[in-house]
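A.B. asks: What follows is a structure written as structure tokens; I'll ask about it next.
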Amino acid sequence: MKALILAGGSGTRLRPLTHTSAKQLVPIANKPILFYGIEGLVEAGISEIGIITGETGTEVRQVVGNGSQWGITISYIPQHEPLGLAHCVLIAQDFLGNDDFVMYLGDNMLEQNLRDLVKDFKNKRTNSELDCRILLKKVANPSSFGVAVVNDAGHVTGLVEKPENPPSDLALVGVYLFTAVIHQAVASIVPSARGELEITDAIQWLIEQGLAVDHDILEGWWIDTGKKDPLLECNRLVLGTINSSINDEASISSNSVINGPVQVGRQSSIAGSTITGPVVIGENVTIENCQIGPYASIGDGCVLSSTTLDDSVLLKNCSISMAGRITSSLLGRSSSVTGTTSATTTSLMLGDDSIVELR
């Protein structure tokens, strides 16, 4: 079984950060979002992964590499225009061949592990005919998603993409399991009104041909990290699972206090500060006279002084000084935030190399 990860898309909902960085590489708990999907697929026993890339393909290649860090093989398949999820399957046919595969949206995060989902699909394939499995989750705003209709017998009878009047509250989660018959489906459909080959139309084609499409209701949380607030929510959820780990090469002064689960990377220095977990602090970070946490992820090389920080994600090499309280914030690489007072509370979303002076 192979996997196809979709890591194209321009990430417009995370502007300005994604003007200079791929949305799938924004970190959650100091690890790129894309890595969580790769690791989940590897844990599920998949050793060949194709990654669909768009305009940020060069950066994705540089960060992810050839797969050797996970002991797998990664191939890259460029999508020159964002022509839909089914189009991704169409252009990946040479890579996928006749193999069953998992299609995974690279900016999605799941609490449920992929291992059990893949294992169950393989078992069903062995014991009966099964051509597609979709994952569904009840949502409050189904018109923002692809939506499935499931009959009383549990069979998927219809799919519709982002309907104005949703026929159900069952949204398609960004994980799909297919057999090779999906290639016939994506070659048989036409672009939707928005000019894309919709994967919902391809699965609907399977249903109309009488092929077997079943579903699973997702357990636990599922988050599309394409916007700041869901990304920060995901950061909180992942940080909530960490254990404490302080590198032997880190330095923590005697007048600092560490409460709760906190991870500190090598060569990082904490002085005169209180860190309230869950918090992840990267390598070569300097923190002086600060209140940090809970729910903060601080990337490598950041420097923080005389500041309160919580519920935020800082990418590499950020600098914050005398900025009051920074909360619910997402700061791009090498951003600088300074102030002259400790009385302000600020929420920020900054692209790389931004400079903000608070007064």
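The values are calculated or read from the model by the stated rules, or taken from the named source; none is laboratory data. As the structure is a computational prediction, the values presented were derived from the model and not from experiment. Please note: Cβ atoms are built from the backbone with ideal geometry, for glycine as well, and neighbour counts cover all protein chains shown. Side chains are part of the model used for accessible areas, which takes the heavy atoms of the whole protein and leaves out ligands, DNA and RNA. Shrake-Rupley method; radii C 1.70, N 1.55, O 1.52, S 1.80 Å.
A.B. asks: List the relative contact order of the range 143-289 as a percent without decimals, with contacts defined as Cα pairs under 8 Å and 6+ residues apart.
C.D. replies: 14
A.B. asks: Another question, if that's okay. Can you tell me the accessible area per residue over the chain, all protein chains present, probe 1.4 angstrom, in square angstrom? Don't skip to the answer; put the middle values down first.
C.D. replies: Numbers: 15290 Å² over 359 residues.
For the chain, the per-residue accessible area is 43 Å².
A.B. asks: Using amide H atoms built in the peptide plane, which far-off residues or other-chain residues are under 5 Å from G84 H to H?
C.D. replies: It is L197, by chain and number.
A.B. asks: Mind ranking T58, T276 by accessible surface for me, highest first, 1.4 Å probe?
C.D. replies: Values: T58 95, T276 50 Å².
The ordering from most to least exposed comes out as T58, T276.
A.B. asks: In terms of solvent-accessible area of protein heavy atoms at a 1.4 angstrom probe, what is the ranking of R359, R236, R194, R133, highest value first? Show your work: numbers first, answer last.
C.D. replies: Numbers: R359 210, R236 80, R194 120, R133 5 Å².
Per-residue accessible area, sorted high to low, gives R359, R194, R236, R133.
A.B. asks: Right, here's the next one. Could you give log10 I(q)/I(0) at q = 0.08, 0.14 Å⁻¹ for the chain, computed by the Debye formula over C-alpha point scatterers of equal weight, without solvent?
C.D. replies: Those come out to -0.44, -1.12, one per q.
A.B. asks: List the relative contact order of the chain as a percent without decimals, with contacts defined as Cα pairs under 8 Å and 6+ residues apart.
C.D. replies: Normalised by residue count, the contact order of the chain is 13 percent.
A.B. asks: At 0.36 nm per residue, and after removing the present C-alpha to C-alpha distance, how many nm does the segment from D120 to V356 gain when stretched out fully?
C.D. replies: Details: separation 236, 0.36 × 236 = 84.96 nm, distance 5.05 nm.
Contour length minus the Cα-Cα distance gives 79.9 nm.
A.B. asks: Then there's this: Over the chain, with every protein chain in place, what whole percent of the accessible area is carbon and sulfur at 1.4 Å, could you tell me? Mind showing how you got there, number by number?
C.D. replies: Working: 6830 of 15290 Å².
Using a 1.4 Å probe with all protein chains present, the chain comes out at 45 percent carbon and sulfur.
A.B. asks: Let me ask something additional. Leaving out same-chain residues fewer than 8 places away, which lysines sit with a Cα under 29 Å from that of K228?
C.D. replies: The reachable lysines, counting only those whose Cα sits under 29 Å from K228, are K23, K31, K137, K138, K162, K316.
A.B. asks: Now a separate question. Which value in deg cm²/dmol, rounded to the nearest 500, describes the helix-derived mean residue ellipticity at 222 nm for the chain, given -39,500 (n - 2.57) per DSSP H run of n ≥ 4 and division by the residue count? Don't skip to the answer; put the middle values down first.
C.D. replies: Numbers: 8 runs with 71 residues, N = 359.
That calculation yields -5500 deg cm²/dmol at 222 nm.
A.B. asks: Could the peptides 314-324, 80-90, 239-249 be put in order, highest first, of the mean number of other beta-carbon atoms found within 10 Å of their residues?
C.D. replies: Values: 314-324: 22.7, 80-90: 19.8, 239-249: 13.2.
Result, highest mean first: 314-324, 80-90, 239-249.
A.B. asks: Same structure, new question: Starting with the highest mean, order 33-41, 253-261 by the number of other Cβ atoms within 10 Å, averaged over the residues of each peptide.
C.D. replies: Ranking, from highest mean packing down: 33-41, 253-261.
A.B. asks: How large is the translational diffusion coefficient of the range 230-335 in µm² per second when you combine the Kirkwood radius over alpha carbon pairs with Stokes-Einstein at 10 °C and 1.306 mPa s?
C.D. replies: 122
A.B. asks: Compare the peptides 348-357, 266-275 by average per-residue count of other Cβ atoms within 10 angstrom and give them in order, highest first.
C.D. replies: Highest mean packing first, the order is 266-275, 348-357.
A.B. asks: Spelling out what I want: for every residue of the range 175-191, take phi, set θ = phi - 60°, compute 6.51 cos²θ - 1.76 cosθ + 1.60 (Karplus), and round to whole Hz; glycine and proline get x.
C.D. replies: 9, 10, 10, 10, 9, 5, 5, 4, 5, 5, 5, 5, 7, 9, 9, 10, x
A.B. asks: Explain nothing, just compute: Karplus ³J(HN,Hα) = 6.51 cos²θ - 1.76 cosθ + 1.60, θ = phi - 60°, for every residue of the range 66-79 in order, whole Hz, x for Gly and Pro.
C.D. replies: In residue order, the calculated couplings are 8, x, 5, 5, 10, x, 10, 10, 10, 10, 10, 10, x, 10 Hz.
A.B. asks: Using just the Cα positions, wrap the range 116-246 in a convex hull and report its mean projected area in square nanometres, one decimal place.
C.D. replies: Values: hull surface 42.9 nm².
One quarter of the hull surface, i.e. the mean projection, equals 10.7 nm².
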